[in-house]
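Each value in this text was obtained by applying a stated rule to the coordinates, not by laboratory testing. Owing to the predicted nature of the structure, the values given are computational and were not obtained by experimental measurement. No Cβ is skipped: glycine too gets one built from the backbone with ideal geometry, and neighbour counts run over all protein chains shown.
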Amino acid sequence: MSGFISRGFRGRRREDAPEGRVPPGQYLTDDFPVLSAGPTPHTPLEEWTFEIRSGGASVSWTWEEFRALPSETVTVDIHCVTKWSKLDTVWEGVPVETLLERVDDDSPYLLAFCDGGYTTNLPVEDVLDGKAWVAFAYGGEPLDPEHGGPARLLVPHLYFWKSAKWVRGFELRNEDEPGFWEQNGYHLYGDPWKEQRYWGD
Amino acid sequence: MKTIALDLDDWRGHRAGQHVDVRLTAEDGYQAERSYSIASAPEQGLELTVERLDDGEVSPYLVDELRNGDGLEIRGPIGGYFVWEARDMRPVFLAAGGSGVVPLMAIIRHRIAVGSSTPMRLLYSSRSLDDVIYRVELDQVAANDNGIEIVHTLTRAQPEGWSGYSRRIDNDMLREVAWSPSESPSVFVCGATRFVEAVAEGLVGLGYDPRSIKTERYGGTGG
């Protein structure tokens with residue numbers, strides 16, 4: 001339907017939208033909307049672990065061990081598939097690279113698994129080299145459960161559903177198998193700059 | 001609020017609970033896109049019910065400007081999780097906050113359209129009676145006594161003689177209205193984030209299996 005014009009539509013453009021930072025089809029928001037498929041899980045920190053499964057083996061960290069790892073504070077733009085983008089969000093987290101260094105595995109894909117049964121799939125190269133973190137603080141405060149606390153994945157260069165809330169670990173895989181949203185109509189990779197929102201994009 | 005019926009040549013059908021993306025294009029090429037829940041049953045073609053958000057960009061156009069005969073660019077149906085299938089025989093508990101009733105109405109309409117006898121209960125929270133969307137239709141559904149029960153709560157203003165609930169949904173209300181968890185109900189909750197959090201957590205507290213609770217939240221920004 002290219003060339004279609006919506007009669008009488010002018011739009012309420014935001015003059016303050018910095019060029020090159022808002023992907024196609026997105027609008028800026030100052031709020032932080034919440035999106036999830038079910039109730040918010042509340043796992044006590046003493047029961048929380050982060051686990052990497054590689055073949056038959058696994059490595060895991062308790063919350064204390066995880067928090068003792070070197071962390072970074074990053075300022076990034078985030079883009080939700082439901083069309084909102086939020087600029088300059090500040091997070092603190094452990095680089096995913098730091099976690100993956102502990103396993104000797106060169107599988108090309110991972111499936112992040114979470115409390116609540118939620119999963120998402122990612123190519124491993126998309127979570128290395130300063131591209132992804134397991135974040136535990138937002139705006140200088142511990143991450144709110146609604147927003148994925150105690151810890152969520154942060155992969156800001158992909159649509160935000162890939163930044164899985166309540167993350168509890170990774171399963172390293174040879175194949176790219178669709179996770180939860182990816183099985184329910186959302187794109188396997190999810191690049192906001194290519195508008196890879198849904199199946200078929 | 002406005003309900004928009006779309007006349008589509010090639011609509012491939014939808015499932016009750018899904019949404020579509022609406023894209024508006026200005027003459028200079030500027031575009032804005034938002035998602036809207038489908039209000040109609042799959043048997044009824046495609047209808048959207050849109051709430052006008054004062055600070056929104058797409059909804060004021062759809063409610064104030066769009067007229068019969070105008071074209072609209074849409075994409076969908078989208079979403080494969082917040083969906084009710086008539087073959088699912090479990091009792092259904094629906095909880096709606098404000099315009100969150102829209103996808104739940106599609107579920108109710110679908111159940112009626114296919115002649116399902118699955119028991120359904122809708123707990124619907126509105127600010128006042130005037131804010132109740134689909135009020136006439138819901139009254140008819142409730143009066144038909146076909147296994148669908150409708151319970152309203154009016155949180156801000158109640159008409160004289162109102163005998164229903166008049167507060168925000170809380171755990172006591174859920175205990176009174178929702179099915180017992182022992183009946184393994186399936187649950188759909190839709191509304192603003194605070195509403196969804198309160199209902200979903202309340203149900204988990206009552207012993208509902210978290211995996212049986214499907215939620216959809218309206219961010220309430222910019223729509």
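Below 8 Å between Cα atoms, with a sequence gap of 6+, how large is the relative contact order for chain B in percent?
Values: 429 pairs, mean separation 45.0, N = 223.
Once divided by the residue count of chain B, the mean separation gives 20 percent.
Residues of B:191-198, mean number of Cβ from any other protein chain within 10 Å of their own Cβ, rounded to a whole number? Could the numbers behind the result be given before it?
Working: counts 0, 2, 7, 2, 0, 6, 6, 0.
Taking all residues of B:191-198 together, the mean is 3.
Please give the average number of partner chain Cβ atoms lying within 10 Å of the Cβ of each residue in B:77-84, rounded to a whole number. If you can, show how the numbers build up before the last one.
Working: counts 1, 7, 6, 6, 8, 3, 2, 0.
Per residue, the number of nearby Cβ atoms from other chains is 4 on average.
With both partners inside the protein assembly as shown, how many of the DSSP beta bridges are antiparallel, as a percent to the nearest 5?
Details: 53 of 83 bridges.
Within the protein assembly as shown, antiparallel bridges account for around 65 percent of the total.
Averaging the inverse of every distinct alpha carbon separation and then flipping it gives the Kirkwood radius. What is it for the protein assembly as shown, in angstrom units?
Numbers: mean 1/r = 0.0438 Å⁻¹.
Across the protein assembly as shown, the inverse of the average 1/r is 22.8 Å.
For peptide A:140-150, compute the average count of partner chain beta-carbon atoms within 10 Å of each residue's beta-carbon.
On the way: counts 0, 0, 0, 0, 0, 2, 5, 0, 0, 0, 0.
Taking all residues of A:140-150 together, the mean is 1.
So what are segment B:2-78's ellipsoid semi-axes, whole angstrom, largest first, if each one is the square root of 5 times an eigenvalue of the alpha-carbon gyration tensor? Provide the component values of the computation, followed by the final result.
On the way: eigenvalues 85, 37, 28 Å².
One finds semi-axes of 21, 14, 12 Å for segment B:2-78.
Are there any trypsin sites (Lys or Arg not before Pro) in segment B:14-73 that are in a DSSP loop and have at most 11 other Cβ atoms within 10 Å? List them by number.
Numbers: sites: B:R15, B:R23, B:R34, B:R52, B:R67; in loops: B:R15, B:R52, B:R67.
Answer by residue number: B:R67.
Hydropathy first: keep DSSP H helices in chain B averaging at least 1.0 on Kyte-Doolittle, then drop any whose Cα extent along the axis falls short of 15 Å, and list what survives. Don't skip to the end; give the middle numbers.
Values: long enough: B:101-113 (17 Å, 1.34); B:193-205 (18 Å, 0.75).
Qualifying helices, which must be both long enough and hydrophobic enough, are B:101-113.
In debye to the nearest 20, how big a dipole does segment B:2-78 give about its Cα centre with +1 on each Lys and Arg Cβ and -1 on each Asp and Glu Cβ?
Working: 8 positive and 17 negative charges, 76 e Å.
That gives a dipole near 360 debye.
Only four residue types carry charge here, +1 at the Cβ of Lys and Arg and -1 at the Cβ of Asp and Glu. Report the dipole size of segment A:45-194 about the Cα centre in Debye, rounded to the nearest 20.
Working: 12 positive and 27 negative charges, 97 e Å.
Around 460 debye, computed over segment A:45-194.
With point charges of +1 on the Cβ of Lys and Arg and -1 on the Cβ of Asp and Glu, referenced to the Cα centre of chain A, which listed residue (A:P145, A:G116, A:G3) lies farthest in the positive direction of the dipole?
A:G3
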